[in-house]
Amino acid sequence: DRAVNATLEAYRLFDELSLFQDSDVHLSSSRDMLYSKAMEWMNTGRYADAASCFDGLGSWQDSASYKIYCSALSLETQHSYMKAAGLFSSIPEFLDSSSRAEAALSQAYQQALDDQARGDYESALNAFTALGDYRDSMKQCEVTTTLQISTLLQAGSYDETLKKLNSLTDRSAFPEADPTVAGNLTAFLGSFVNAWMNAHADVLNAFFSCSLLQPYLEPGGELDTIVRSEITDDVAPQNYGFVYFGCDVGKLLDLGSGFVAADVTGSASISGPSGYNETQESMWILLDTRQGNPVVGAVLSV
């Protein structure tokens with residue numbers, strides 16, 4: 001291949017000297033040799049070498065299209081089907097590029113299904129996402145995520161379970177919880193959310209903060225301004241606080257294996273010298289009901 005590289009360099013130089021003596025003759029000879037070698041390499045499966053050789057020929061005749069075509073063939077041999085499909089699609093009228101683009105997409109789709117089947121959900125999700133509206137790829141993104149959620153639950157990765165659930169735009173794969181248990185769960189969630197909101201003092205109780213929370217208040221910030229307006233030397237902070245007025249439970253989704261996910265909004269009003277300020281916190285709560293009484297597995301603020 002040293003000869004090819006030397007010819008490529010000679011071709012470049014003769015091209016620069018095309019008007020000097022018989023440079024055009026040597027240019028044509030070098031070009032024919034390079035084009036012939038590139039075609040040979042393409043026909044014998046040396047696609048990357050062929051693409052490089054066609055690249056050296058620039059825009060001469062169909063070299064630019066052959067460069068893209070061979071680059072796509074090379075990507076196919078590396079199982080990079082999506083990238084190959086993209087290149088083939090950029091030259092749809094050249095040779096059999098259109099049919100090869102479709103075949104590459106089909107290969108990418110099957111590769112994603114194979115990843116899904118063996119539990120490599122991240123690879124499957126990336127592939128289906130890249131496929132976009134090809135076949136039912138968007139639906140397969142949802143299917144893959146639901147399978148991943150099931151696997152995460154079985155592994156006890158509850159925080160990751162809620163993150164994946166929250167990323168879904170369509171949660172119809174999960175049925176709503178049995179109405180016979182939904183009432184008890186809703187009552188339990190009301191009590192839990194009250195306690196949960198109260199526990200997040202850095203977000204909520206800082207309105208009536210003790211000295212321990214002062215380091216978390218950015219001077220001049222929104223929270224600091226509210227605290228200073230609500231708490232004065234004449235009014236002791238402990239005389240004011242929260243009045244909880246509810247927990248709005250949205251859907252209760254049955255994730256299987258005794259787990260239920262709840263879409264919840266907790267609401268509270270804060271009493272202070274200037275009256276009431278309202279606050280809300282939206283969250284997903286994972287409940288473990290395998291022992292009968294619900295246990296909170298994880299909470300994800302939304």
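The values are calculated or read from the model by the stated rules, or taken from the named source; none is laboratory data. Since this is a predicted model, take the numbers as computed values, not measurements. Virtual Cβ from ideal backbone geometry, glycine too; neighbours counted across all protein chains shown. Surface accessibility is based on the protein's heavy atoms, side chains included, excluding ligands, DNA and RNA. Shrake-Rupley method; radii C 1.70, N 1.55, O 1.52, S 1.80 Å.
Worth a mention:
- Sites Ser167 and Lys251 - FRET efficiency at Förster radius 22 Å, r taken between beta-carbons, to 0.05: 0.90
- Around the amide H of Ala177, modelled in the peptide plane, lie the amide H atoms of Leu252, Leu253, Asp254, all under 5 Å away and 5 or more residues distant in sequence or on another chain.
- Karplus-based coupling profile of the stretch 283-297, in residue order and whole Hz: 7, 9, 10, 9, 10, 9, 10, 5, 9, x, 7, x, 10, 6, x, with θ = phi - 60° in 6.51 cos²θ - 1.76 cosθ + 1.60 and x standing for Gly or Pro.
- Measuring against 20 Å, Cα to Cα, the residue pairs Lys139/Lys164; Lys83/Lys139; Lys37/Lys67; Lys164/Lys251 contain Lys83/Lys139 as the ones spanning a longer distance.
- Label-point gap, in nm, between Ala187 and Glu93 - each point 7 angstrom along Cα→Cβ: 7.3 nm
- For Val302 and Gln110, a Förster radius of 45 Å and the Cβ-Cβ distance give a FRET efficiency of 0.80, rounded to the nearest 0.05.
- Span from the the stretch 101-175 Cα centroid across to the the stretch 64-95 one, whole angstrom: 26 Å
- The accessible-area ordering, largest first, of the residues Met138, Met197 stands as Met138, Met197, per a 1.4 angstrom probe.
- Computed 3J(HN,Hα) for the stretch 63-73, one whole-Hz value per residue from the Karplus formula 6.51 cos²θ - 1.76 cosθ + 1.60 where θ = phi - 60°, is 4, 4, 5, 5, 4, 5, 4, 5, 4, 5, 4, glycine and proline marked x.
- Most to least packed among 89-102, 47-60 [average Cβ atoms within 10 Å]: 47-60, 89-102
- Linear extension gain, Ala155 paired with Asp32, 0.36 nm per residue minus alpha-carbon span: 38.0 nm
- In Hz, Karplus ³J(HN,Hα) per residue of the stretch 142-155 (6.51, -1.76, 1.60; θ = phi - 60°; x = Gly, Pro): 5, 4, 4, 5, 5, 5, 5, 4, 4, 5, 5, 4, 4, 8
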